[in-house]
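Asks: Dropping the structure in here first, questions after.
Every number in this text was worked out from the coordinates using simple rules, so none of it is lab data. Remember, it's a predicted structure, so these values are computed and weren't measured experimentally. Cβ sites come from the backbone with ideal geometry, for glycine too, and all protein chains shown count toward neighbours.
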Amino acid sequence: MSATWKTFKPYALITPQTLVFLLFLVFPIVMIGVVSFWEFTGYSMVPAFTLDNYQGIFTSDVTFKTYLNTFKFLGLVWLATLLIGYPVAYFIAFHVPKLEWQILLFLVCTIPFWTSNIIRMISWVPLLGREGLVNQVLLGGGLIQQPLEFLLYSDFAVVLGMVHLYIIFMIAPIFNSLMRIERSLITAAEDLGASGLQIFKEVILPLSAPGIAIGSIFIVTLVMGEFVTVRLMGGGQSASVGKLIQTQIGSLQYPLAAANAMVLLAVTMLIIVSVLRVLDIRKEL
């Protein structure tokens, strides 16, 4: 009896987690995949097997441009969060001597998450609007002759909003990677006569690459399905696949929305697999 329990104990321990995983992740994805092959008659769904939904996605110029626009958002947000997040994480990890101050400064980076996404997006309106603070300062300083229209309700505003929302997801894993680097490696490189740039290039950057990979995966998964920021910051002038799916659901085109969701999932997984093939994150897990 005891030997039997020891054999099945690991399986018993993982059963609850497995059931939750199957019930709340695998099963919904399977159902979305099934619905993506159904027909839409204009006012109702008909259970059937048709490829019309996928054919409409791959033959529509509007959908193709929407995917390209989403990739543009992804590329810009990823680049901006990396260029901002890496120096911030590097400064906290290597230029703040005391652990207490490192923890405090890292918590400061999480301040935007103390409020809801909606409030954070709305807070940009009085700052970037036509009559907002930025335009007023620029006009008052004589730097511009008329208000800048692109600051709000544009692709620029969408990217800015996403960077504001998701930069912590790039800072946190990079900071974790940098904190794990043995300082003795840097000391040894200095003793061998390596310059600061060489130390960063040959020691710090390679060892922090898994953190960059994890942060990139976070950014990919968050940006690819984003629609709230696109709606609020874009003001109807910007498009993304997430916003397209939301619009299709609002018009009761569930099969087409499901097909777009499956394509979006496949594209997102392809990007993540590509990242994992380039950078090994197992050291961080």
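Asks: So for segment 74-113, what percent of the C-alpha to C-alpha distances run longer than 13 Å? Each step should come with its number before you reach the end.
Replies: Details: 445 of 780 pairs.
So the pairs more than 13 Å apart make up 57 percent of the total in segment 74-113.
Asks: Can you run the Rg to Rh ratio on segment 77-171? Use alpha carbon positions and the Kirkwood inverse-distance Rh.
Replies: Checking Rg against Rh, the ratio lands at 1.07.
Asks: Which one of Ala172, Ile186, Pro206 has its Cα pushed farthest toward the positive end of the charge dipole of segment 144-265, where Lys and Arg give +1 and Asp and Glu give -1 at the Cβ?
Replies: Going by the charge dipole, the pick is Ala172.
Asks: In sequence order, what are the phi-derived ³J(HN,Hα) couplings for segment 264-278 according to the Karplus relation 6.51 cos²θ - 1.76 cosθ + 1.60 with θ = phi - 60°, rounded to whole Hz, with x for glycine and proline?
Replies: Rounded to whole hertz, the list is 4, 4, 5, 5, 4, 5, 5, 5, 5, 4, 5, 5, 5, 6, 7.
Asks: Using θ = phi - 60° and the Karplus form 6.51 cos²θ - 1.76 cosθ + 1.60, what ³J(HN,Hα) does each residue of segment 147-162 get, whole Hz, x for Gly and Pro?
Replies: x, 7, 7, 7, 5, 9, 6, 7, 4, 4, 5, 4, 4, 4, x, 5
Asks: How large is ³J(HN,Hα) for each residue in segment 16-25, as worked out from phi by the Karplus curve 6.51 cos²θ - 1.76 cosθ + 1.60 (θ = phi - 60°), to whole Hz, x for Gly and Pro?
Replies: Coupling constants for segment 16-25: x, 5, 5, 5, 4, 4, 5, 6, 9, 10 Hz.
Asks: Using the Cα centre of the chain as origin and beta-carbon charges of +1 (Lys, Arg) and -1 (Asp, Glu), tell me which of Phe64, Ile217, Val158 is placed farthest towards the positive end of the dipole.
Replies: Ile217
Asks: Here's a follow-up. In debye to the nearest 20, how big a dipole does the chain give about its Cα centre with +1 on each Lys and Arg Cβ and -1 on each Asp and Glu Cβ?
Replies: With only Lys, Arg, Asp and Glu charged at Cβ, the dipole is about 480 debye.
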